[in-house]
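Report on the following structure.
All of the numbers you see were taken from the coordinates with simple rules; none came from a lab. Predicted, not measured: the structure shown is a model, and the values here were computed from it. Here the Cβ positions follow ideal geometry from the backbone for every residue, glycine too, while neighbour counts run over all protein chains shown.
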Amino acid sequence: MTLQTNGATGGKWHARYPELGTGPVPIEPYISLEYFEKEREHIFRKVWLNVGRVEQIPEPGDYFVKDLAVCRTSVIIVRGHDGQVHAFHNMCSHRGNPVVWNAKGTCKMFTCRYHSWTYGLDGTLRHIPDEKNFYGIKKDAHGLTPVAVDTWEGFIFINVDPRPKETLREYLGAAGESFEGYPFAEMATGCSTWEVDVNANWKVCKDAFQEVYHIFSLHNKSTGAAFASTSNPYLNVHELALFGPHARISVPANLDWKPTPVEALARRYGMLALQKQGSSSQGMPSGVNPTASPDWSFSGLIYFPNMCLFVADGGIIMHTMWPLSENRTHWEARTYFPKAKTLAHRFSQEYSRATFVDGVLVEDGGTFEKTQSMLASGAKKQVILGDEELLIRHHHKVTEQFFNA
Amino acid sequence: MSKRQLPEGFQDLEPYLEWSLATDRERSIKRQTSPMTKITAFYQAVVPRMDEILAYLEQYPLEQVPADAQRLFYLTLSLAKIAPAVEMYGEPVPEGLDTLRLENIDIYPTRS
Ligand code: FES
Ligand SMILES: [Fe+2]
C-alpha cells in the first residue's frame with residue numbers, strides 16, 4: 001500500500017502503525033445484520049463491558065439492573081453483605097421471569113414477582129413458597145446464574161462469557177494502566193447521564209468520539225475555536241497510540257481562546273468537564289497528557305469495544321454505545337464531576353452540562369442518523385479515512401481479529 | 001403590591017421569573033420555544049448581575065436555601081442553559097439531535 005503523495009500530512013500515525021494500511025474501509029460493518037450478529041457472538045458476549053460505577057451501589061443491598069440486549073441478557077449488579085460487587089443474570093430459576101423489574105434499588109433479598117422465589121444478595125436460592133409441591137428440589141443447585149464481574153478504578157465491568165479468557169486487568173493491559181491513578185473517585189462523586197436510542201449503527205456513534213478531525217467543522221460554532229488554533233487549525237492530536245484492542249488519544253487546546261462571558265463566570269466557580277485552555281495534567285498518570293504538552297485539553301481511553309472515556313483537569317466524560325441491532329444503538333453519555341459544594345459551583349457545573357449537551361449530544365448526535373441513512377443507501381461501498389482517523393481503522397482491524405480468533 | 005419573589009436587591013429581575021424553572025426539562029423546553037429576542041433580553045438582564053447573584057447565593061448551605069434565593073438560583077441555571085444560544089449559535093438551539101429525545105438522569109448521589 002502506498003501513501004498519498006498530495007503534499008498532505010497524512011502518514012505520521014500510519015508510520016507508527018503501518019500494519020493498519022491506508023486503504024478505504026468497507027461500509028458493510030455499519031449496515032449488515034449478519035456482521036452485527038458476529039459482533040454480538042465474537043465480541044460482546046466475550047469481553048469485559050463497563051456497566052457503571054461503584055458509587056451507584058455504595059451499601060450492601062444496593063443494586064442496579066443493566067439490560068444488555070446485545071448480550072441477550074439482563075444483569076443484576078449488587079453489593080453483597082460481604083461488601084463486594086456481584087453480578088447475576090436477572091433470571092429466575094423457577095420459570096425464567098426477570099427477578100428484578102426495577103432499574104435500581106436497595107433490598108435484603110431478591111423476590112421474584114411471579115411466584116415469590118427468593119434469593120440472597122449472594123444469588124443463593126433461599127425460599128420456595130409451597131416448597132413441598134416441588135419434586136425434591138435442591139435449593140443449593142438453583143441459585144441465580146453468576147456473571148463474571150470486576151472493577152477497575154471504580155468502574156464496574158461484567159463479562160457474560162461463563163469462562164472469560166482474560167481477567168479484566170489483563171484485558172485492559174497497558175492502556176488501562178496508563179490511566180490508573182487519575183482521581184476517578186474524587187471526580188466521580190457526581191454524575192449526570194443522558195440516554196437516547198438512535199437509529200444508527202453503534203460504530204457510527206463511536207467513530208465520532210475516536211477522532212477530533214471533525215471539531216473544526218461540526219463544532220465550528222461551539223467548541224471548535226476553543227480547541228483548534230491558528231497554528232493547529234484542524235486540531236491534529238498530540239497522540240494516537242494503540243494498545244492491543246484499545247487505544248489512547250490526547251487532544252490539544254487553543255491557548256489563545258478567550259472564554260465567552262458566561263463561560264468565564266462558570267470557570268471562576270469551578271472547573272468545567274471539558275476543560276479547554278488552562279488545564280493542568282500535573283501529578284496525573286502517564287496516559288493523561290502523555291506528551292506533556294502545555295496546550296493540552298483532555299485525553300481519552302478508547303476501550304474496545306464500546307466505551308470512550310475522556311479525562312480532563314475538571315472532570316470526566318464517558319460515552320458507551322450499546323448496540324440494539326445493526327442500525328439501532330442505545331447511547332449513554334455521561335459527565336462525572338465532583339459533587340458541588342455551593343450554589344455557585346452548581347451553576348458552574350450546569351453551564352458545563354449545557355455546553356456538553358449542545359456541543360456533543362446535539363451536534364455529534366445530530367450526525368448519527370443522517371450518516372446511517374446514507375451508509376445504508378448502497379450508493380457507496382466504502383468510506384475514506386485520514387491519518388488522524390487511525391483509531392477508526394484500528395477498531396475494524398481489532399474486530400477482524402476477534403472474528404478470526 | 002404583590003409579594004416579593006426574589007431576594008432583596010434582585011427585584012429588578014422579577015420580570016424574568018418565567019425563566020425560574022426547577023427542572024432541566026422545563027428549562028430545555030423554555031429555551032427551545034422562546035424566540036431569540038426573549039432569550040437575548042433575559043441574557044442581557046442577568047449577565048451583568050451574575051457576580052452579585054453568585055456571591056449572594058454562596059452564603060447558603062446547599063440544603064438550606066430559602067424559596068426566594070432558590071428562585072434566583074433557578075434563573076442562573078436558565079442562564080447556563082441559554083448562554084450557548086446567545087454566545088455561540090445566534091439561534092435558540094443548534095442544528096442536530098432534538099434534546100427532548102434525551103433522557104437525563106442524575107444517577108447519583110442517590111443519597112449524600
Ligand atoms: S418465575 Fe420466578 S418465582 Fe416463578
Ligand atoms: Fe464531536
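Around A:GLU211, what is the net charge, scoring Lys/Arg as +1 and Asp/Glu as -1 over all other residues with Cβ under 12 Å from its Cβ?
-3
Placing one identical point scatterer on every Cα of segment A:157-273 and ignoring solvent, what is log10 I(q)/I(0) from the Debye formula at q = 0.12, 0.13, 0.19, 0.22 Å⁻¹?
The Debye formula, applied to the Cα set alone, gives -0.69, -0.81, -1.41, -1.40.
Take the cross-link list A:LYS370/B:LYS81; A:LYS380/B:LYS81; A:LYS108/A:LYS132; A:LYS339/A:LYS370; A:LYS12/B:LYS81 and give me the ones stretching past 29 Å between alpha-carbons.
A:LYS380/B:LYS81; A:LYS339/A:LYS370; A:LYS12/B:LYS81
Need the full-extension length gain, A:SER293 to A:ALA376, defined as separation in residues times 0.36 nm minus the C-alpha distance. One decimal, nm.
Gain in length upon complete extension: 25.8 nm.
Which value in nm describes the separation of the simple spin-label points at A:ASP161 and A:LEU324, placed 7 Å from the Cα toward the beta carbon?
2.8 nm
What whole-number volume per residue, in cubic angstrom, does the convex hull of the C-alpha atoms of segment A:49-173 give?
108 Å³
Taking Cα centroids, how far is segment A:86-128 from segment A:273-332 in Å?
For segment A:86-128 versus segment A:273-332, the Cα centre distance is 36 Å.
Whole-Hz Karplus ³J(HN,Hα) for segment A:157-166, in order, using 6.51 cos²θ - 1.76 cosθ + 1.60 and θ = phi - 60°, x for Gly and Pro?
Karplus-based 3J(HN,Hα) across segment A:157-166 equals 10, 10, 9, 7, 5, x, 10, x, 5, 9 Hz.
Other chains' Cβ within 10 Å of B:47-54 residues: what's the mean?
Mean shielding by partner chains, rounded to a whole number: 4.
Please report, in cubic angstrom per residue, the volume enclosed by the convex hull of the alpha-carbon atoms of chain B.
127 Å³
Quick check: convex hull of the Cα atoms in segment A:274-405, volume per residue, rounded to a whole Å³?
On the way: hull volume 21.1 nm³, N = 132.
Per residue, the Cα convex hull of segment A:274-405 comes to 160 Å³.
Using Cα springs under 10 Å in a Gaussian network model of chain B, which residue among B:GLN70, B:GLN32, B:GLN11 shows the largest mean-square fluctuation?
The residue that fluctuates most here is B:GLN11.
When the label point is put 7 Å from the Cα of A:ALA405 along its Cα-to-beta-carbon vector, which residues of segment A:302-343 have a backbone N closer than 20 Å?
Of the residues in segment A:302-343, A:302-309, A:321-323 have backbone N under 20 Å from the label point off A:ALA405.
Once amide H atoms are placed 1.01 Å from N in the peptide plane, what residues at a sequence separation of 5 or more from A:ALA148, or on another chain, have their amide H within under 5 Å of its amide H?
A:ASN159
What are the lysines whose alpha-carbon lies under 24 Å from the alpha-carbon of A:LYS46, with same-chain residues fewer than 8 places away excluded?
Leaving aside lysines fewer than 8 places away in the same chain, those within reach of A:LYS46 are A:LYS38, A:LYS66, A:LYS165, A:LYS203, A:LYS206, A:LYS397.
Is the shape of the protein assembly as shown rounded, prolate or oblate, going by the alpha carbon gyration tensor and its root eigenvalues a ≥ b ≥ c, with a/c under 1.5 for rounded and a/b larger than b/c for prolate?
Because a/c hits 1.5 or more and a/b fails to exceed b/c, the protein assembly as shown counts as oblate.
At what distance in angstrom do the alpha carbon centres of segment A:7-73 and segment A:363-402 lie from each other?
13 Å
Near the amide H of A:LEU324, under 5 Å away, which other amide H atoms are found, from residues 5 or more places off or on another chain, if H is placed in the peptide plane?
A:THR329, A:HIS330
Can you work out the Karplus-derived ³J(HN,Hα) for every residue in segment B:38-50? Use 6.51 cos²θ - 1.76 cosθ + 1.60 with θ = phi - 60°, whole Hz, and x for glycine or proline.
So the J values, rounded to whole Hz, are 5, 4, 5, 4, 4, 4, 5, 6, 8, 3, x, 9, 4.
Could I have the simple spin-label model distance between A:ARG268 and B:LEU100, label points 7 Å from Cα toward Cβ, reported in nm to one decimal?
It is 3.5 nm.
Most fluctuating residue of A:THR260, A:THR73, A:THR355 in a GNM of chain A with Cα springs under 10 Å: which is it?
Greatest mean-square fluctuation among the candidates belongs to A:THR260.
Give me, ordered by chain and number, the residues 5 or more places off A:CYS92 or on other chains with an amide H under 5 Å from its own placed amide H.
A:ASN97, A:VAL99
Determine, for each peptide in A:299-308, A:143-152, the mean count of other beta carbons within 10 angstrom over its residues, then list the peptides with the highest first.
Highest to lowest by the protection proxy: A:299-308, A:143-152.
If you keep only loop residues by DSSP, which GluC sites (Glu not before Pro) in segment A:145-207 have at most 15 other Cβ atoms within 10 Å of their Cβ?
Within segment A:145-207, the qualifying GluC sites (Glu not before Pro) (loop, at most 15 other Cβ atoms within 10 Å) are A:GLU166.
For the residues A:LEU390, B:LEU100, B:LEU62, what sequence is obtained by ranking on other C-beta atoms within 10 Å, fewest first?
Ranked by crowding around the Cβ, least crowded first: B:LEU100, B:LEU62, A:LEU390.
Applying the Karplus parametrisation 6.51 cos²θ - 1.76 cosθ + 1.60 with θ = phi - 60° to the phi angles of segment A:360-375, what ³J(HN,Hα) value in whole Hz is obtained for each residue in order, glycine and proline being reported as x?
Going residue by residue, I get 10, 4, 6, 6, 5, x, x, 7, 4, 6, 4, 4, 4, 5, 7, 4 Hz, with x marking Gly and Pro.
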